[in-house]
Structures are given as structure tokens and as C-alpha cells.
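Structure first, commentary second.
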Amino acid sequence: MLKEKKSLEDRLGTYEKIESGIAELPELIEIAEELGDEDELREVARSFETLSDDLEELRTRMLLSGKYDANDAILSIHAGTGGVEANDWAEMLERMYLRYCEKKGFKTKILDRQDDVDYGIKSSTISVEGDNAYGMLKSENGVHRLVRISPFNAMGKRQTSFAAVEVVPELGDDIEVEINPQDLKIDTYRSGGAGGQHVNTTDSAVRITHLPTGIVVTCQNERSQIMNRETAMKILISKLTKIAEEAHKENLNEIKGDQSQIGWGSQIRNYVFQPYTMVKDTRTGAEVGNVDAVMDGDLDVFVRAKLSQDAGGK
């Protein structure tokens, strides 16, 4: 309830800010024109841009009406086949989402990160805390395709790489879910976390496998094995709950079959670095020519387009 109350207060605050800004604009424009001051005119232009951004942000928030949209999120990135190319691409996506979350004021924490021996990462799991974190990130779920001239290829050939992004809502401790203990395989191993050779020298990392579906979750960046296990279980429950809802199952124990390849269908977005620059979403048709800005976390165009599309289809 407190989180919902804060969300409503934030929306009201944004609305009041926009209302106040719109009321002040005519007077600011009149003063600037009378003075003929270019600095004043530029200030009016900046105010207008800020109002436009606030309006878009409010409009986006109004589109968030899903069951878990207000929740925190767990975002996972998995490199596709292709060795160092795919691992590098996965690391680039990790940076992109961390930058996006930073711009949105979300708090992030890397729960598990599997570095490749040579370059990049094999996978990364990130906890994202913030108002409507899941709602803003859920449209990123799917396969992301990169096309570029490979920096790892001496021949300078164009290379295509893939990585899968999975986003599930953080369900917190309020929801009680029963999972058959016999369906779980729990392993511990030595954490590879950062911090020096004397850090994480015990078998504190935890890997949990849900045998009926083949889903594997890992956590190694908490302070103890117990905390890693609790976090890993939260991630597993979030993933199973999402799958259960998509399969219209009321009981998680009814979920069977190999679910480990969910999200690995055709790509949802293409990122082209060469011979031209463009990022295009295959679902909505939204596209941006400034690929550097997108990789630096400017994802609002794609997020809003997908939310609008989903809202229009209801």
C-alpha cells in the first residue's frame, strides 16, 4: 500500500509540475520577445522541452496498468552462441540497461555475473529497484541482435551476434508460493565475485535448478550462502510465477517440460552499427538512428512504443 501511495503521489507531483509549467510559459515567452534576449528565448525553449519530457513520462506512467508493473524487476542477460562476439554483446547490453536504470533513478545491484575467460560475459542477473521498474523494463524481454564489423576479426568482416534478455517482476516476501522441494537441485560453488583474492573464498555461491522445467538460477554476490540461496529462490519463484501466468496455471507444480529456452525466439530488436547506424524494434517499428545514444541508455522511444502498442491491443 505504501508503494502504491508513493506512486500516486509521484504522478500527482508530475501533473502539478506540468500544470504549473504550462501556466508560466506564455508569460515567459512574452517577456523574452519583449526583451529580444536570445538567452531568455533559449531558456524558454529548454522549459518547453522539459515540459514535453514530463508529459511523455506521465503518459508512459498512465500506460502502466499491468498486475506487476509497479514492482521491482529482475533482469537477466544471456549471451547467445558465437563465443567472444556474443559475450561482448551481452556485456554491452548490460551496460546499456545499467545506464537506462541510472537515468530513471532506479537502484541496481548485480546479483550474479558470469565472466567469460577471454572477453565479455556469459550472463548477468541484475536486481532493479524503483517505481514501476518492471513495467518500464518488461518490453525488453526477448532476443536482441547486433550487426557490426567485428573488432575481433582481423579480416574486418561484418558479424551478427545475439543475446537474450529476460525480465521478471520481483514478487517480494508478501506472496507465499509452495514449490515441491524434490523438484529442486541445489548446488554450492566458489563465488567468482570481485573484491580481491581473499574475498568469497568459501563455497558461498548458490545454483538452484528447477528439475521439471530445467530453469537454472544462480546468485553469488550476496554476503553469505544463506543470503545467496534466499535471493536465488526469489528469482526462481518470480520466473516460475511469470511462466505459470502465461500458461494459465494456478499451481506452480503443474508446470512441466523444458522452459529453459523461453525468450529465444526471433529477435525483438536489431542494433546495426555498420554499414549504417540504426536501432529498430521489430514489434512496433520504432527506430532510432543514433545508436550511440541507445547504447548509452536512451530507450524511452522503444519502451513507450511497446507500451502504447500493448495498450491499444487490449
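Being small (G, A, S), open to solvent by less than 60 Å² (accessible area, probe 1.4 Å) and either modelled with pLDDT of 75 or more or assigned to a strand (DSSP E or B) (or both) is the filter here; which residues of segment 45-81 pass it? Spell out how you get there, then give the answer.
Quick first cut of segment 45-81, residues small (G, A, S) only: 45, 47, 52, 65-66, 70, 73, 76, 79-80.
Pick out the ones that are also open to solvent by less than 60 Å² (accessible area, probe 1.4 Å) and you get 45, 47, 52, 66, 70, 73, 76, 79-80.
G66, A70, A73, S76, A79, G80 - these are the residues of segment 45-81 that are small (G, A, S), open to solvent by less than 60 Å² (accessible area, probe 1.4 Å) and either modelled with pLDDT of 75 or more or assigned to a strand (DSSP E or B) (or both).
Suppose we keep only residues that are β-branched (V, I, T) and in contact with a helix residue (DSSP H, G or I) (Cβ under 9 Å, 6 or more places away or on another chain) within segment 270-298. Which one would you say is surrounded by the fewest Cβ atoms within 10 Å (Cβ to Cβ)? It would help to see each step written out before you state the result.
Residues of segment 270-298 β-branched (V, I, T): 272, 277, 279, 282, 284, 288, 291, 294.
Subset that is in contact with a helix residue (DSSP H, G or I) (Cβ under 9 Å, 6 or more places away or on another chain): 272, 277, 279, 284, 288, 294.
Numbers: V272: 19, T277: 15, V279: 24, T284: 19, V288: 18, V294: 21.
Checking each candidate, the answer is T277.
Per the conditions (1) crowded, with 16+ Cβ neighbours inside 10 Å; (2) farther than 24 Å from K122 by Cβ; (3) modelled with pLDDT of 95 or more, the sole criterion not satisfied by I255 is (3).
Here G120 fits the description: over 13 Å from the mean Cα position of the chain (by Cα), surrounded by fewer than 23 Cβ atoms within 10 Å (Cβ to Cβ) and on the phi > 0 side of the Ramachandran plot. Pairs needed: first member in segment 223-242, surrounded by 23 or more Cβ atoms within 10 Å (Cβ to Cβ); second member anywhere, among the charged types (D, E, K, R) and at pLDDT below 90; C-beta distance under 6 Å; at least 6 residues apart or different chains. Here the result reads N228/E222; T231/E222, each pair linking segment 223-242 to a residue that is among the charged types (D, E, K, R) and at pLDDT below 90.
The values are calculated or read from the model by the stated rules, or taken from the named source; none is laboratory data. Please read all numbers here as calculations on a predicted model, not as lab measurements. Cβ sites come from the backbone with ideal geometry, for glycine too, and all protein chains shown count toward neighbours. Please note that ligands, DNA and RNA were not included when accessible areas were found on the heavy atoms of the full protein model with its side chains. Shrake-Rupley method; radii C 1.70, N 1.55, O 1.52, S 1.80 Å.
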